[in-house]
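Accompanying notes for the structure given below.
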Ligand code: CO
């Protein structure tokens, strides 16, 4: 099985403020920005080698990231791993008794398929599975 770190999601009340550190001070480059309406976030992606830092700013007070910021403050929100077949990974996790937030994949940043696994099954870490279908010949 081919599983790799895809990105680390960091919640911030302000992308502009977060970019002052990650882009301006540290020197990373922004490869991609996007609003993901379905998840209520404005996203900036900054590659660090192959994996990326994903900065997440809520688009409104109902955004799950807004709720996270209210409860926990800015910081690491989730870790995302890339899998070859997200439906197979979800089926496996379900069979293993993991609590899935998404039983079926949905569309995430960059047009990838994504699904979240509940932190209660991951030792307190919100885990995102990502399958990049943009290069998938089956689609
Ligand atoms: Co993510």
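The values are calculated or read from the model by the stated rules, or taken from the named source; none is laboratory data. Keep in mind that this is a model prediction, so the values were computed, not measured. Here Cβ is always computed from backbone atoms with ideal geometry, including for glycine, and neighbour counts include all displayed protein chains.
Quick one: in segment 15-31, of everything that is outside any helix (DSSP H, G or I) and within 17 Å of the chain's Cα centre (by Cα), which residue is nearest to residue 50 (Cα to Cα)? Before the answer, list the steps.
Start the filter on segment 15-31 by keeping residues that are outside any helix (DSSP H, G or I), which leaves 26-31.
Imposing the further condition that a residue be within 17 Å of the chain's Cα centre (by Cα) reduces the set to 30-31.
Numbers: 30: 13, 31: 12 Å.
Checking each candidate, the answer is 31.
Pull up segment 73-98, narrow it to residues that are within 16 Å of the ligand (Cβ to nearest atom) and either part of a loop (DSSP other than H, G, I, E, B) or modelled with pLDDT under 95 (or both), then point me to the one that is farthest from residue 16 (Cα to Cα).
The qualifying residue farthest from residue 16 (Cα to Cα) is 83.
Test of understanding: among 100, 129, 93, 113, which residue is within 13 Å of the chain's Cα centre (by Cα), without any contact (Cβ under 8 Å) to a residue 40 or more places away in the chain and surrounded by 13 or more Cβ atoms within 10 Å (Cβ to Cβ)?
113
Out of the residues in segment 75-88 that are touching a residue at least 60 places away in the same chain (Cβ under 8 Å) and surrounded by 15 or more Cβ atoms within 10 Å (Cβ to Cβ), state the one that is nearest to residue 56 (Cα to Cα). Steps first, please.
At the first step, the residues of segment 75-88 found to be touching a residue at least 60 places away in the same chain (Cβ under 8 Å) are 75-84.
Add one more test, that the residue is surrounded by 15 or more Cβ atoms within 10 Å (Cβ to Cβ), and what stays is 77-83.
Working: 77: 9, 78: 10, 79: 12, 80: 13, 81: 17, 82: 18, 83: 22 Å.
Filtering first and then ranking leaves 77.
In segment 36-72, what residues are in a helix (DSSP H, G or I) and farther than 14 Å from residue 11 by Cβ?
Residues satisfying the conditions are 37, 38.
Of the residues that make up segment 13-25, is at least one in contact with a helix residue (DSSP H, G or I) (Cβ under 7 Å, 6 or more places away or on another chain), at pLDDT 95 or above and more than 20 Å from residue 119 (Cα to Cα)?
Yes, segment 13-25 contains at least one residue that is in contact with a helix residue (DSSP H, G or I) (Cβ under 7 Å, 6 or more places away or on another chain), at pLDDT 95 or above and more than 20 Å from residue 119 (Cα to Cα).
Any idea which residue in segment 61-71 is surrounded by the fewest Cβ atoms within 10 Å (Cβ to Cβ), counting only those that are away from the ligand (no atom under 15 Å from the Cβ) and at pLDDT 95 or above? Before the answer, list the steps.
Of all residues in segment 61-71, those away from the ligand (no atom under 15 Å from the Cβ) come to 61-62, 66-67, 69-71.
Okay, now just the ones that are also at pLDDT 95 or above, so 66-67, 69-71.
Working: 66: 18, 67: 14, 69: 19, 70: 11, 71: 7.
Within segment 61-71, the match that is surrounded by the fewest Cβ atoms within 10 Å (Cβ to Cβ) is 71.
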